[in-house]
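Comments concern the structure below.
Quick note: the coordinates plus some simple rules give every number you see, no bench work behind them. All figures in this text were calculated on a predicted structure; none of them were measured in a lab. A quick note on method: Cβ atoms are made from the backbone with ideal geometry, for glycine too, and the neighbour counts reach across all protein chains shown.
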Amino acid sequence: MTQGGEDVKLLGAWASPFVIRIRIALNLKGVDYEFLEEVFGVKSELLLESNPVYKKIPVLIHDGKPVCESMIIVQYIDEVWATKGPAILSADPYDRALHRFWAYYVDDKWFPSVSAISRAQTEEAKAEAVEQVFAGLKLLEEAFQKCGKGKGFFGGDTIGYVDIALGCFLAWLKATEKMTGIKFFDEAKTPLLAQWVERFCADVAVRGVMPETDKMVEFAKMLQTKFKAAASAK
Amino acid sequence: MAKAELKLLGTWSSPFVLRIKWALQMKGVEYDFIEEDIQNKSPLLLKYNPVHKKVPVLVHDGKSIAESLVILEYMDETWKENPILPEDPYQRAMARFWSKFGDEKCLPSIWRVFTAQGEKIGQALVSASENLMILEGELKGKKFFNGETLGFADISLGWIVNMVILLEEILQLKMIDEQRYPSLSAWMKNFSNFPGIKDSFPPQDRMLTKYRTLREALLATRGSN
C-alpha cells in the first residue's frame, strides 16, 4: 500500500517513451506508485495477465484493475485524481478536442515518421523521411501556438496532454540527434518548440523520469546490435 | 440567442462519418450535413481539416473538430443529453480502449480479408477471427459493450455491423456466425435495432456496388504484377 492508501502499480521499463508518459502524469498529480520494471525481452506473468490483448507496457494497475494504452491511462489519471495537481486536459470541450487531436497526430503520424528514418534503406528514402519529420514539426510548432496560447507549454502554464504525448519521446530524439547528426528541434526552424524542449525536460515532473541522452544512445546501440544479429541469423 | 451553427462534413459511405451521425441522432441535435467529394476536396474541407483533409469534420459555431473519436468525446462534453460515455473513470477507460482496439486491430484485419485473394483469404480470416473472438470475450453476457444501453464503444465499433454484412455478401463467406460468436451476433442485431441506428445506414445496394467495384480495382492492380 502506498502513502495515500491507494494501490497504484505501473508495469513498465525505464526506456519506453510510452511508460514515461504515465510517470510524468503520475508525478504531475503527486500520486505515489510502485514501479514494476519489466525485464527487456521477457514478458512477466503479471503483464500477460493484465494486458492480454496487447501484452505491452505501460499498464497501470489501480486497486487491482488494469488500464492499458498510454494516452488512455493519462486521461484516466487526469479523471481519477482530478482534484490533485494541475489539470492535464482543460475543462473546455473545444480545448480538449484540440489537445486530443494533436496527441493522435503525434502517435499516428509524427512519431511513425521519425521511426521511418531508421528504417530507410537508401539515402534518398532517408532524406525523404527526414523531410516528413520536419514538415510535421512545422505543424507542431503551429499547434503549440494554438494550444498553448502564448504560454510555456501546449497545456498553457503547466504540462498538459500534448506536452506529455510529444515530450515523452525527447530522450529518444536527443539520442537520435547524437547518433545521426540531425537536429530535430532547431531554434531557426521551430523556435517555440526548441525552447519548449528545454523547459519540458527541466520540469520537476519530468526530470527524474527522462533518461539521460548517453544512456539512451547506449540502449539504442544495443537494440541495433540485437536487430542486426537477428537479421543475419535468418 | 440564435441557435448554434452545427455542420457535419462527410460522405454518404464513410463508417467514421456514420459514427457521428449516430451520436447526433442519439443526442437529438440538429445539424447541416455537407456531402464531400473525396476525389475533389472542397475548399471548406481543406479549411476545416488542413492537417488530414479527411472526413468527418464537425464544425460548431465556426470551430472545427476532426478525428471521429475526438468528435465523439467533444459531443458528449457539449451535449449532455443521453451520455455516450459512462461516468466512472475506469469504465470510460474501457470504452476508449475497446474503441481503439476496433480501429487499430479489427478494422485493418477485416480489411485484409476484403483485399485478399484465393487462399490468402483463409489466412486473413484467421487473423480477423482472432480479433473478433477478443470482442466476443469482452461482450459475454452484455447486451452492449456499454452495458444495458448503447454507448461510446458500441458507436465506435458499429462499423462492424455494416462492413461485415457487406463483405460476407461480396466474398460469399460467413465471418460472424451465431455458433462461434453468439454474443457478437446478438450485439449486431441489438445495435441495428436501437432507435435511429438502422435509418442512418447507407443504402445497402449502393454500398455493395461501391465495395464490389473497389475490390475489383484493387485486385486488378495487384494482378498486373
Quiz prompt | Antiparallel DSSP beta bridges within chain B, percent to nearest 5 | solution = 70 percent
Self-check item: Highest-MSF residue in chain B out of B:ALA124, B:ALA93, B:ALA153 [GNM, Cα springs under 10 Å]
Solution: B:ALA93
Quiz prompt | Cross-link pairs beyond the 24 Å C-alpha cut-off, checked among A:LYS55/B:LYS54; A:LYS43/A:LYS221; A:LYS9/A:LYS174; A:LYS138/B:LYS105 | solution = A:LYS55/B:LYS54; A:LYS9/A:LYS174; A:LYS138/B:LYS105
Quiz item: Which value, in debye to the nearest 20, describes the size of the charge dipole of the range B:3-78 about its Cα centre when Lys and Arg Cβ atoms bear +1, Asp and Glu Cβ atoms bear -1, and nothing else is charged?
Solution: 160 debye
Self-check item: D (Stokes-Einstein, µm²/s), Kirkwood Cα radius, chain A, 0.890 mPa s at 25 °C
Solution: 131 µm²/s
Quiz prompt | Span from the the range B:83-125 Cα centroid across to the the range A:58-99 one, whole angstrom | solution = 22 Å
Quiz item: From the Cα gyration tensor of chain B, with a ≥ b ≥ c the square roots of its eigenvalues, which class applies: rounded if a/c is under 1.5, or else prolate if a/b is larger than b/c, or else oblate?
Solution: oblate
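Just want the ordering: B:SER156, A:SER90, from fewest to most Cβ atoms lying within 10 Å of their own Cβ.
Exposure proxy ranking, most exposed first: A:SER90, B:SER156.
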Practice problem: Rank A:ALA188, A:ALA103, A:ALA25 by mean-square fluctuation in a GNM of chain A with C-alpha springs under 10 angstrom and give only the top-ranked residue. | Solution: A:ALA188
Quiz item: Using r as the Cβ-Cβ distance of A:GLU131 and A:PHE227, and R0 as 22 Å, what FRET efficiency do you calculate, to the nearest 0.05?
Solution: 0.35
Quiz item: Where does the charge balance sit around A:ALA120 when Lys and Arg score +1, Asp and Glu -1, over other residues with C-beta under 9 Å from its C-beta?
Solution: -1
Quiz item: Which of A:GLN75, A:GLN195, A:GLN224 moves most in a GNM of chain A, Cα contacts under 10 Å?
Solution: A:GLN224
Exercise. Filter the GluC sites (Glu not before Pro) in the range B:1-96 down to the DSSP loop ones having no more than 15 other Cβ atoms within 10 Å, then list what survives.
Key: B:GLU5, B:GLU30, B:GLU81, B:GLU87
Practice problem: Please order B:LYS63, B:LYS7 by the number of other Cβ within 10 Å, starting at the fewest. | Solution: B:LYS63, B:LYS7
Quiz prompt | Cleavage-rule hits, trypsin sites (Lys or Arg not before Pro), the range B:152-225, DSSP coil, Cβ neighbours within 10 Å at most 15 | solution = B:LYS174, B:ARG180
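Take every DSSP beta bridge with both residues inside the protein assembly as shown and express the antiparallel ones as a percent of the total, to the nearest 5.
70 percent
Would you please classify the overall shape of the protein assembly as shown from the alpha carbon gyration tensor, given that a ≥ b ≥ c denote the square roots of the eigenvalues, rounded means a/c under 1.5, and beyond that prolate means a/b larger than b/c while oblate covers the rest?
It is rounded, given that a/c, with a ≥ b ≥ c, falls under 1.5.
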Quiz item: Counting Lys and Arg as +1 and Asp and Glu as -1, each charge on the Cβ, what is the dipole of the range A:93-216 about the Cα centre in debye, to the nearest 20?
Solution: 240 debye
Quiz prompt | Contour minus Cα-Cα distance for A:CYS201 and A:GLU45 (0.36 nm per residue) | solution = 52.8 nm
Self-check item: Under 18 Å from the Cα of B:LYS47 - aspartates and glutamates, other chains or at least 8 residues apart
Solution: A:GLU142, B:GLU5, B:ASP32, B:GLU35, B:GLU36, B:ASP37, B:ASP61, B:GLU67
Quiz item: Can you work out D for the range A:119-234 in µm² s⁻¹ from Stokes-Einstein, where Rh is the Kirkwood radius over C-alpha pairs, the temperature is 10 °C and the viscosity is 1.306 mPa s?
Solution: 101 µm²/s
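Just tell me how shielded A:95-105 is by partners: mean number of partner chain Cβ atoms within 10 Å of each residue's Cβ, no decimals.
5
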